[in-house]
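Asks: Let me begin by handing over the structure; questions about it come next.
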Amino acid sequence: MEFPKLRMRRLRKDKIRPLLKETKLSAEDLIMPIFVDENISSPKEIPSMPGYFRLPIDGAVKEVGEALEKGIRAFIFFGIPSYKDEIGSSAFDDNGVIQKTLRKVKKDYEDAVLITDVCLCEYTTHGHCGVVKDKVILNDPTLPILGKIAVSHAKAGADIVAPSGMMDGMVKAIREALDENGFEDVAIMSYSAKYASSFYGPFREAAESGYAFGDRKSYQMDIHNSDEALREVELDLKEGADIVMVKPALAYLDIIWRVKEKFKVPVAAYNVSGEYSMVKAAAKLGFLKEEDIVYEILVSIKRAGADLILTYHAKEIAEVL
Ligand code: PBG
């Protein structure tokens, strides 16, 4: 059949279009990042992320309550600890910032899905995601530490742990540590295909996780590669990942698509800090309509194949969904 019998525009009428939406975005698809800072007593706006705040522990609990009311169910917590050292001890301190936060949130909001970022960079003096010796980021000595962090988070109430450091074998190390400690039911969402991206700039200010030397290219992926992302995902799935993540999201829709097509497993995509800040900056200048742009970006990420989207726009967009 062809024109004039076939007319694509018939189904584009206002009344009909909503019936045929192939992609639907809902608040349940979103994971809201929360920065908890142990060193502050009132919310502190992050200069490079207008409208986003570092929160004291009580503020984080309150934030979860407000977001739940808007229909968001899942939260990922990043901590800014009261002390840092060479190996990131404050990350696996049972009285650390994340552990304290989880216990409080859990008490008030049993139904919230609590996810934790498992990494060293916010907790080490050098700001790298692994143990450092002679300016080299060491893989294997980092693994038991990641296991300890995950177990400590699980003890405090994490439902899902999310290793983000791109160390080889991190998923296996964490799965084993969790299982040995009776946390077989805690899931792993691995930052599987995490690129060495310039889009993370604002986050490093937000989480105080800038690094003292070098860059993250010895462990995060080369932006030029996509077959490599499939290998990373395959390995993480073999090691026991329950959900795999692609990060960043918007400039990496092709990767999301390939991962979903090939593996048919739950895929999360991280709409990162730089993507958020670009939208905010353009909106502030009046160059685009923020709400529409945010909606379109998130729909695009979902259409590409993401089941879940980590986004700093979560709360504002949940209001209009
Ligand atoms: C920590 C981590 C980073 C992000 C999430 N977890 C920063 C990095 O790897 O440098 C970035 C998130 C964002 O930019 O929104 N490993």
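The values are calculated or read from the model by the stated rules, or taken from the named source; none is laboratory data. Computed from a prediction, not measured in an experiment: that's the story for all the values here. Neighbour counts are summed over all protein chains in view; Cβ atoms, including those assigned to glycine, are modelled from backbone coordinates with ideal geometry. When the accessible area is computed, the model is the full protein with side chains, heavy atoms only, and any ligands, DNA or RNA have been set aside. Shrake-Rupley method; radii C 1.70, N 1.55, O 1.52, S 1.80 Å.
Asks: Hey, rough spin-label estimate for Glu86 and Leu285, points 7 angstrom out along Cα→Cβ, what's it come to in nanometres?
Replies: It works out to 4.6 nm between the two label points.
Asks: Can you give the net charge of the other residues whose Cβ lies under 15 Å from the Cβ of Asp37, counting K and R as +1 and D and E as -1? Could you put the intermediate results ahead of the total?
Replies: On the way: positive: Lys44, Arg54, Lys62, Lys84, Lys100, Lys104, Arg204; negative: Glu38, Glu45, Asp58, Glu63, Asp117, Glu122, Glu205, Glu208.
Here the count lands on -1.
Asks: Hey, another quick one. What size of dipole, in debye to the nearest 20, comes out for segment 48-183 about its Cα centre when the only charges are +1 on Lys and Arg C-beta atoms and -1 on Asp and Glu C-beta atoms?
Replies: Working: 16 positive and 20 negative charges, 38 e Å.
Value, rounded to 20: 180 debye.
Asks: Something else now. Taking GluC sites (Glu not before Pro) as exposed when DSSP calls them loop (any state but H, G, I, E, B) and at most 10 other Cβ atoms lie within 10 Å, what is the longest stretch of the chain free of them, the sites themselves excluded? Please list the in-between numbers first.
Replies: Numbers: sites that count: Glu2, Glu22, Glu110, Glu184.
With GluC sites (Glu not before Pro) excluded where exposed in loops, the chain gives 185-321 as its longest stretch.
Asks: Are there trypsin sites (Lys or Arg not before Pro) in segment 220-321 that DSSP marks as loop and that have at most 13 other Cβ atoms within 10 Å, and which are they? List each step's numbers first, then the result.
Replies: On the way: sites: Arg231, Lys238, Arg258, Lys260, Lys262, Lys264, Lys280, Lys284, Lys289, Lys302, Arg303, Lys315; in loops: Lys264, Lys289.
Sites meeting the loop and neighbour criteria: Lys264, Lys289.
Asks: Go ahead and run the numbers for FRET between Ala212 and Glu2, Cβ-Cβ distance against an R0 of 56 Å, rounding to 0.05.
Replies: On the way: r = 64 Å, r/R0 = 1.14.
The computed FRET efficiency comes out at 0.30.
Asks: Write down the Kirkwood hydrodynamic radius of the chain, to one decimal in angstroms, obtained as one divided by the mean of 1/r over all alpha carbon pairs. Don't skip to the answer; put the middle values down first.
Replies: Values: mean 1/r = 0.0495 Å⁻¹.
The Cα-based Kirkwood calculation yields 20.2 Å.
Asks: While we're looking at this one, here's another question. Could you work out how much longer the chain between Glu319 and Lys21 gets when fully extended? Use 0.36 nm per residue separation minus the Cα distance between them, nm to one decimal. Intermediate values should be presented prior to the final figure.
Replies: Numbers: separation 298, 0.36 × 298 = 107.28 nm, distance 2.00 nm.
Contour length minus the Cα-Cα distance gives 105.3 nm.
Asks: Rolling a 1.4 angstrom probe over the protein heavy atoms, how many square angstrom per residue are accessible across segment 175-321? It would help to have the intermediate numbers written out before the result.
Replies: Values: 6700 Å² over 147 residues.
For segment 175-321, the per-residue accessible area is 46 Å².
Asks: Would you calculate, for the chain, the mean residue ellipticity at 222 nm contributed by helices, counting each DSSP H stretch of 4 or more residues as -39,500 (n - 2.57) and dividing by all residues, to the nearest 500? It would help to have the intermediate numbers written out before the result.
Replies: Numbers: 10 runs with 113 residues, N = 321.
Using -39500 (n - 2.57) per qualifying helix, the result is -10500 deg cm²/dmol.
Asks: Going by the alpha-carbon gyration tensor, a ≥ b ≥ c the square roots of its eigenvalues, is segment 208-311 rounded (a/c under 1.5) or, if a/c is not under 1.5, prolate (a/b greater than b/c) versus oblate?
Replies: Numbers: a/c = 2.38, a/b = 1.33, b/c = 1.79.
Because a/c hits 1.5 or more and a/b fails to exceed b/c, segment 208-311 counts as oblate.
Asks: Work out, step by step, the length gained on full extension between Glu28 and Asp185: first 0.36 nm times the residue separation, then minus their alpha carbon distance; give nm to one decimal.
Replies: On the way: separation 157, 0.36 × 157 = 56.52 nm, distance 2.11 nm.
Length gained between Glu28 and Asp185: 54.4 nm.
Asks: Determine the equivalent ellipsoid of segment 1-89 by diagonalising the alpha-carbon gyration tensor, then write out the semi-axes as square roots of 5 times the eigenvalues, largest first, rounded to whole Å.
Replies: Working: eigenvalues 431, 44, 29 Å².
They are 46, 15, 12 Å, listed from largest to smallest.
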